[in-house]
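Below is one structure, written out as structure tokens, with a few remarks after it.
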């Protein structure tokens, strides 16, 4: 006795009677021989060009060509609600199967009515459920790829961290839901029963916990809302492969000491223990986040301490420079220093006047000694006018006024190597010789008195140009010190502007020079008038 799956009516199969059926007729036994007719040949199901007649054959065909089975059975429909020819053929073929046990029939009804007819279920999941009913003892295949405990573990380990590849695709499908339940229909993966529900519960519990974590870094919070889901599944998978890499992952990271990362301590106190899914998650992924944050904090603390030491050293150096500058200014502007500057100016300008006096004697002395004597007095007057105009600036410079009285040879050598300086010196010498010649001509032509009257504007000009600084003030070292002091006070973080600029230069040489200049910041301003110190001061500005 069989039941028609489509009509629901009971029927008798053609192979119920086996041999003759005796019965009593009057006082005689009558033997009726039943005529046997062969069972009708069932129509095979054709998939990808191959005809299949048994459950095992259809399962093998699906594993061989997953895409063809999906298209034929679940994607060839017309309008919504209208079944495709492939689906109708599959359903009819399933209903005509023989040799089904009561459990097979119950599972078939559940499959056809609640799985394969569910419009909300993706075609791939329908096909997987069908494969699990056809051949539960065989390999679980998902989209043409065999699914094993190892592949599930690798999907959780690799797929949750990637954005492409087979592991990522399997992990993505697992997160979409329903796949674990379908895989549990295979005998080899039957341990997965209930894992989907446990995973969903652990995920919702974790998200409620993560929403309350105080001070969780943005990157860790983002991971808690997405990537953490995969590790929860790995902790729930009933296979040793997952626990192996979970333990290895936990051993690779060292948790920060208690009290160093507050949010991590908060999580550890509420994760339920090391054997829970959330406990595994906290001790693996979020221990890594906490370890990185702790290392960053320790590095920043070291940088802050170093910056504080540098700042303290720079402050001390700045205080030293200010004190040295005040001492230098006090020495430079003392009455003795200013008197010495006036004497040095008299000697320097007097030397130039003395060097100019022989010029009129060379020009006029051989013919008109009186004109040479008069012009010589004019040179003395011009020298005194220049000295009078220069004296206020000299007194203001004080000890900083250092004409090359003691280093004439070095000054001459510098002037010789500087072509512009030589050119200016020749122009000045030519102007002095020309002035002497003109004054001699005027004395000869218009007389000493008229020439003296005409000399007054020239004396005023000498006084004026000396006063406004047209003459060399010989305070190069003072200007170097002043620029150095002002640059250090206005620089970035107490550093001179040139050092703050060069330390960021792409040139290794400039960075090295900046480093040496930085070291010299702690030597102060006490050059002590030595040539070597003055040279160092000049190099600081390059």
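The values are calculated or read from the model by the stated rules, or taken from the named source; none is laboratory data. Note that this is a predicted model, so its numbers are computed, not measured. Glycine gets a Cβ as well: all are built from the backbone with ideal geometry, and neighbour counts include every protein chain shown.
Only one entry in 235, 248 is surrounded by 14 or more Cβ atoms within 10 Å (Cβ to Cβ) and either out of contact with any helix residue (DSSP H, G or I) (no Cβ under 6 Å at 6 or more places or on another chain) or assigned by TED's automatic domain parsing to the domain that holds residue 286 (or both), namely 235. Residue check: residue 253 meets all listed conditions (1) surrounded by fewer than 18 Cβ atoms within 10 Å (Cβ to Cβ); (2) under 26 Å from residue 149 (Cα atoms); (3) modelled with pLDDT of 90 or more; (4) in contact with a helix residue (DSSP H, G or I) (Cβ under 6 Å, 6 or more places away or on another chain) but one, namely (3). Scanning region 201-227 for residues that are in a helix (DSSP H, G or I), over 20 Å from residue 294 (Cβ atoms) and touching a residue at least 12 places away in the same chain (Cβ under 8 Å) yields 202, 203, 205, 206, 207, 209.
Here is a yes/no grid of residues against (1) assigned to a helix (DSSP H, G or I); (2) within 16 Å of residue 349 (Cα to Cα):
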site: 373; (1), (2): yes, no
site: 377; (1), (2): yes, yes
site: 385; (1), (2): yes, yes
site: 395; (1), (2): yes, yes
site: 398; (1), (2): yes, no
site: 404; (1), (2): no, yes
site: 409; (1), (2): yes, no
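Residue check: residue 139 meets all listed conditions (1) assigned by TED's automatic domain parsing to the domain that holds residue 272; (2) touching a strand residue (DSSP E or B) at 6+ places or on another chain (Cβ under 8 Å) but one, namely (1).
Is it true that some residue in region 291-302 is in contact with a helix residue (DSSP H, G or I) (Cβ under 6 Å, 6 or more places away or on another chain), modelled with pLDDT of 85 or more and surrounded by 14 or more Cβ atoms within 10 Å (Cβ to Cβ)? The answer is no; no qualifying residue exists. Of all residues assigned to region 186-200, at least one qualifies as being buried (at least 20 other Cβ atoms within 10 Å of the Cβ), assigned to a loop (DSSP other than H, G, I, E, B) and assigned by TED's automatic domain parsing to the domain that holds residue 250.
Among residues of region 299-311 that are over 21 Å from residue 260 (Cβ atoms), those with a beta-carbon under 8 Å from a residue that is in a helix (DSSP H, G or I) at least six positions away or on a different chain give the pairs 311/493; 311/494. Filtering region 330-357 to residues that are in a helix (DSSP H, G or I) and exposed (fewer than 14 other Cβ atoms within 10 Å of the Cβ) leaves 330, 331, 335, 336, 339, 343, 347, 354, 355. Scanning region 113-159 for residues that are exposed (fewer than 15 other Cβ atoms within 10 Å of the Cβ), more than 48 Å from the chain's Cα centre (by Cα) and not in a loop (DSSP other than H, G, I, E, B) yields 113, 114. From the list 243, 270, the one residue that fits, being surrounded by fewer than 18 Cβ atoms within 10 Å (Cβ to Cβ) and assigned to a loop (DSSP other than H, G, I, E, B), is 270.
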